[in-house]
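Just below is one structure, and these are the notes that go with it.
The values are calculated or read from the model by the stated rules, or taken from the named source; none is laboratory data. Note that the structure is predicted; figures quoted are calculated from it, not measured. Here Cβ is always computed from backbone atoms with ideal geometry, including for glycine, and neighbour counts include all displayed protein chains. Note: areas computed on protein heavy atoms with side chains; ligands, DNA, RNA excluded. Shrake-Rupley method; radii C 1.70, N 1.55, O 1.52, S 1.80 Å.
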Amino acid sequence: TKCTCSLAILLALTSGLTGCAEKPTENLSETDLQKDSLVEDQNDEPANSSPQEDQASLPPYLPINPDTVAENNAGDFTYEEYDNGESIAITGYTGTSAQVKIPSQIDGKEVVCISEEAFRGNDIVTYVYIPDSVVQLEKSIFLNCSNLEEVRIPPVSKIPYGFMAKCTSLKYLEIPEGCEAIGEGDGTGSFSECKSLTDVKFPSTLQYIHANSFSECS
């Protein structure tokens, strides 16, 4: 009868669907098994996991207390008279200390300037303290100082371009109050390629940051 035929067809369809649902894993190809495993692994991942969260979990860098660093002797630096002989400009560092504290006076005259490329390429220093007597920072002072982690910057009005570029170990940066501009002029960004930099504090007085000042700070 028509009812008997319909029932037989329905049973056949149900049996076929059940067979599909219960496909044994031994008949799956190796590629199919790999796909199934990949889907399971993806489903096991936390829903809220992200690279940003992993980076945010890094411990904060603790700035060095300047009081724990001994002031260097004048003999650790090369320097010259500045401003018609009334003050001193540091032109280089010849010492061996990894932590450097520049004196505010040499030969009875105030140290007011750190000259262009004074520490460039130094792979010894890890910390440099620049005293408040310094009012002039020239370009590329710490360019490519590969082990430098922190510099105490005095309250200057401008940070020159190339100032700490390619300091790949630089971790902490505090721009002082009174600073109005970072990276004025053309040239390498003031802090470009500082790939370990994670903490930067900007002052309320800041008005200008050059476009490439922090380029390639990953």
Among the residues of the range 149-163, write down those that are open to solvent by less than 10 Å² (accessible area, probe 1.4 Å) and either more than 22 Å from Asp132 (Cβ to Cβ) or in contact with a Leu (Cβ under 6 Å, 6 or more places away or on another chain) (or both). Val156, Gly162
Residue in the range 166-185 that is of a type in the set (A, V, I, L, M) and part of a loop (DSSP other than H, G, I, E, B) present: yes
Looking at the range 197-218, I want the residues that are assigned to a loop (DSSP other than H, G, I, E, B) and have a partner that is acidic (Asp, Glu) and open to solvent by 100 Å² or more (accessible area, probe 1.4 Å) with Cβ atoms under 8 Å, at least 6 apart or on another chain. Which pairs are those? Pro203/Glu177; Ser204/Glu177; Thr205/Glu177
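Residues that are farther than 16 Å from Val151 by Cβ, touching a strand residue (DSSP E or B) at 6+ places or on another chain (Cβ under 6 Å) and not small (Gly, Ala, Ser): find the strands (runs of 3 or more DSSP E) completely inside the range 73-118 holding 3 or more of those. So that I can check it myself, show each step before the final result.
On the way: elements: 77-82, 87-93, 99-101, 109-114.
In the range 73-118, the matching strands (runs of 3 or more DSSP E) lie at 77-82, 109-114.
The rows are residues; the columns are (1) surrounded by fewer than 19 Cβ atoms within 10 Å (Cβ to Cβ); (2) at pLDDT below 95; (3) polar (S, T, N, Q).
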position	(1), (2), (3)
Ala165	no, no, no
Lys171	yes, yes, no
Glu174	yes, no, no
Glu177	yes, no, no
Ile182	no, no, no
Thr188	no, yes, yes
Cys194	no, no, no
Thr198	yes, yes, yes
Thr205	yes, no, yes
